[in-house]
Protein chains: 2
Amino acid sequence: MSFRTIDWKDGAVVLIDQTLLPHTEEWVRIGDAAAMVDAIKRLAVRGAPALGVAGAYGVALAARVHPPGSPEFEEVVRSLRSARPTAANLARMVDRAAAVAGEGYERVLREAHALRDEELAASLSMGERGADLVQELVTRRPIRTMTICNTGGLATVERGTALAVIQTLHERGVLGEALVLETRPVLQGSRLTTWELRRLGVPHRLLVDGAGPALLARGDVDVVLTGADRIAANGDTANKIGTFGLALGARWAGVPFVVVAPETSVDAGTPSGAGIEIEDRGVSEVVEVAGRLVAPAGTAATNPAFDVTPVGLVAALVTDRRVVRFEKGDFLADRGPD
Amino acid sequence: MSFRTIDWKDGAVVLIDQTLLPHTEEWVRIGDAAAMVDAIKRLAVRGAPALGVAGAYGVALAARVHPPGSPEFEEVVRSLRSARPTAANLARMVDRAAAVAGEGYERVLREAHALRDEELAASLSMGERGADLVQELVTRRPIRTMTICNTGGLATVERGTALAVIQTLHERGVLGEALVLETRPVLQGSRLTTWELRRLGVPHRLLVDGAGPALLARGDVDVVLTGADRIAANGDTANKIGTFGLALGARWAGVPFVVVAPETSVDAGTPSGAGIEIEDRGVSEVVEVAGRLVAPAGTAATNPAFDVTPVGLVAALVTDRRVVRFEKGDFLADRGPD
């Protein structure tokens with residue numbers, strides 16, 4: 001079973017309000033661009049691909065009521081573009097939709113639909129390529145996977161990246177279970193990934209992040225599948241904090257560590273992980289859990305949002321267009337995508 | 001500055017109520033054995049050494065009002081002994097105090113004081129030996145340490161094990177900072193270690209468990225110091241879940257990983273870590289944080305309380321009686337303690 005976390009229905013965008021998950025499943029109907037700006041700002045929708053689709057539909061909603069080129073239209077496009085200043089994909093997809101606005105509302109809507117369908121096709125492709133690879137790498141059946149953060153349909157439109165591979169393995173009848181790291185500090189694993197897996201009927205168990213390497217070492221896992229925020233030209237991979245420790249555990253245990261991300265995550269302009277800047281997201285996410293202070297008031301914290309897994313620990317990268325087998329000596333730059 | 005988390009004052013035991021930390025610091029006066037049983041049961045006092053001292057003082061309180069050998073006395077001793085069924089040290093120290101009860105209340109009290117003083121001496125010894133070792137292993141000044149869980153005075157009487165080393169480095173003026181892993185699922189790092197370090201005036205920062213390996217890899221740490229729940233005859237070390245991943249990160253970064261634990265933690269009867277059974281503490285600690293459900297209701301979880309760090313990743317073990325330099329080829333069995 002599948003579901004779209006963002007879609008177009010009867011003249012409006014319908015999206016799941018991610019701020020209420022996992023305890024409440026509420027679908028929000030968005031009929032004008034201002035409401036879309038608000039939904040993006042309050043994180044009702046998140047994840048680069050999903051934000052891009054949301055932004056493009058936002059432009060369509062604007063084009064329906066304001067003549068493209070009018071000051072009102074331009075103002076709405078600007079506010080959509082900057083609703084999440086660090087989300088490069090949002091700005092890019094708003095621009096892509098706005099570029100055809102001169103041809104009218106219907107044309108913008110078609111562009112947004114096309115973008116949605118491209119995201120779906122990319123997830124399907126990653127799922128198929130990744131599942132093929134895992135079935136080749138792992139001889140044990142059923143296959144026991146481990147993953148971190150949320151890389152499913154909630155961050156994209158449907159299926160996702162690493163979670164798309166897990167879903168495809170499940171659909172092929174070869175999946176044993178998905179072990180899910182809770183992913184402190186924001187708990188995307190506990191809150192979102194478990195919710196998606198439950199909805200998809202995929203057997204899963206949750207664990208604290210510190211338990212990942214121990215379960216790998218005791219032989220509970222056949223493959224680790226993670227997403228990526230950014231991949232340097234040499235294959236070093238920036239992803240959610242905790243990924244690097246999981247890669248070390250996988251190496252110790254001789255378990256393949258596989259990164260799944262769209263081709264657009266490859267940043268050919270950054271030679272290696274040393275060039276990837278790691279954002280510190282501040283104290284409160286660490287000293288608070290689910291809104292409650294768990295450390296003495298005033299405690300200092302360090303909170304790197306991401307870590308970098310050196311390519312030497314990555315067996316393979318699966319994108320929507322190719323599989324790069326680092327452990328076989330492939331390089332990212334060897335050839336372009338298929 | 002130091003403080004005792006459990007002590008004897010004016011005819012009663014005074015201990016800090018650990019269930020209220022870190023937000024409330026409340027000292028409880030315990031004047032009879034029944035109140036001590038209650039304090040142990042509700043976890044107001046925890047940690048093997050502290051529980052042993054609490055149990056011994058409990059016997060003294062019983063001997064003050066019931067003639068040793070009377071059914072009332074024996075009943076109180078039994079309830080002290082079994083207040084925490086899995087705490088072997090509690091039963092052992094209750095027995096030690098009860099063994100001298102025939103000589104009267106004052107004698108039992110002297111035995112409890114002796115036990116308290118032995119625990120203090122052990123912590124002082126571990127702190128000194130450990131600090132000497134760290135100053136030899138690390139050339140950089142000031143020294144930046146990383147630790148997991150709570151290994152300070154709260155688990156012992158004062159100073160602790162790994163945290164005793166950090167405190168001693170601080171007192172010697174060579175400590176830069178202590179980086180503290182929050183230590184999910186029970187958050188001993190956030191709740192207890194930060195509280196102790198603040199009280200001691202030791203500079204510290206908190207981090208999520210998944211960030212440990214990343215900070216090691218980027219060169220933020222000079223030495224990792226951890227406690228141990230049990231050490232096998234070959235040096236494999238069982239400790240709080242997350243310790244193994246930290247040891248992998250330390251090895252990757254070339255940072256020494258040092259275990260600090262009393263000699264009594266060495267279990268010569270268990271040949272290696274493979275023989276250490278790992279308790280699973282159930283679902284609720286994982287799906288709940290600080291009492292709030294963070295995953296969908298009904299989510300399954302795996303919750304190993306400990307992991308095993310292979311001796312090959314441990315640079316040295318510091319006990320109250322010796323330093324065993326595994327990385328230099330020392331074996332635990334080479335010689336007895338000094």
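See the values below:
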read-out	value
14 Å tail of the calculated P(r), the range A:152-197, as % of Cα pairs	50
Cα lying deepest toward the dipole's positive end in the range A:233-338, options A:ALA250, A:VAL294, A:GLY282, charges on Cβ	A:ALA250
For the range B:208-219, 3J(HN,Hα) per residue [Karplus equation, 6.51 cos²θ - 1.76 cosθ + 1.60, θ = phi - 60°, Hz, x = Gly/Pro]	6, 4, x, 8, x, x, 5, 5, 4, 5, 8, x
For the range A:1-130, with +1 on Lys and Arg beta carbons and -1 on Asp and Glu, the positive-most of A:TRP27, A:LEU80, A:SER70 along the dipole	A:LEU80
Summed side-chain charge close to A:THR270 - residues other than A:THR270 whose Cβ falls under 14 Å, Lys, Arg +1, Asp, Glu -1	-3
Residues of the range A:277-301 buried by at least 40 Å² on assembly (accessible area, 1.4 Å probe, chain alone as reference)	A:VAL286, A:VAL289, A:ALA290, A:ARG292, A:VAL294, A:PRO296, A:THR299, A:ALA300
Amide hydrogen neighbours beyond the local backbone of A:ALA301, cut-off 5 Å, H modeled	B:LEU206
Other-chain or far-sequence residues with amide H under 5 Å of B:ARG230's (modelled H)	B:ALA238
In Hz, Karplus ³J(HN,Hα) per residue of the range A:268-278 (6.51, -1.76, 1.60; θ = phi - 60°; x = Gly, Pro)	5, x, 10, x, 8, x, 4, x, 8, 7, 9
Computed FRET value (nearest 0.05) for A:HIS113 with A:GLU74, which takes r as the C-beta separation and R₀ as 25 Å	0.60
Solvent-accessible surface ranking, highest first, for B:SER123, A:SER272 at 1.4 angstrom	A:SER272, B:SER123
Over the protein assembly as shown - Rg/Rh using Cα atoms and the Kirkwood inverse-distance radius	1.05
J(HN,Hα) series, the range A:165-177, from Karplus relation 6.51 cos²θ - 1.76 cosθ + 1.60, nearest Hz, glycine and proline x	5, 4, 4, 5, 4, 5, 5, 7, x, 10, 8, x, 7
Structure-based [θ]222 nm, the protein assembly as shown - -39500 (n - 2.57) summed over DSSP H runs of at least 4, per residue, nearest 500	-11000 deg cm²/dmol
Relative contact order [Cα under 8 Å, 6+ residues apart], chain B, whole percent	14
Base-10 log of normalised Debye intensity for the range B:12-90 (one unit scatterer per alpha-carbon) at q = 0.21 Å⁻¹	-0.88
Solution diffusion estimate, µm²/s, Stokes-Einstein, the range B:123-214, Kirkwood Rh from C-alpha pairs, 37 °C, viscosity 0.692 mPa s	253
Over the range B:251-299 - Rg/Rh using Cα atoms and the Kirkwood inverse-distance radius	1.17
Per-copy distances of the B:THR139 label point, shortest first, in nm (7 angstrom along Cα→Cβ)	4.7
Label distances, nm, A:GLU118 versus same residue in remaining copies, Cβ-directed 7 Å point	7.3
Descending semi-axes in whole angstrom, ellipsoid equivalent of the range B:293-337, from the Cα gyration tensor	39, 11, 8
Qualifying trypsin sites (Lys or Arg not before Pro) in the range A:247-338, DSSP loop, other Cβ atoms within 10 Å at most 11	A:ARG335
Considering only chain B, percent of DSSP beta bridges that pair antiparallel, nearest 5	50
Rounded to the nearest 20 debye, dipole of the range B:15-98 from Cβ charges on Lys, Arg, Asp, Glu	260
Cα coordinate range in chain A, projected on the principal axes (Å, largest first)	62, 54, 40
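The values are calculated or read from the model by the stated rules, or taken from the named source; none is laboratory data. In this text, all values refer to a predicted model and were calculated from it rather than measured experimentally. Using ideal geometry, Cβ is built from the backbone for each residue, glycine included, and neighbour counts are taken over all protein chains shown. These area figures cover heavy atoms from the full protein model, side chains too; ligands, DNA and RNA do not enter into them. Shrake-Rupley method; radii C 1.70, N 1.55, O 1.52, S 1.80 Å.
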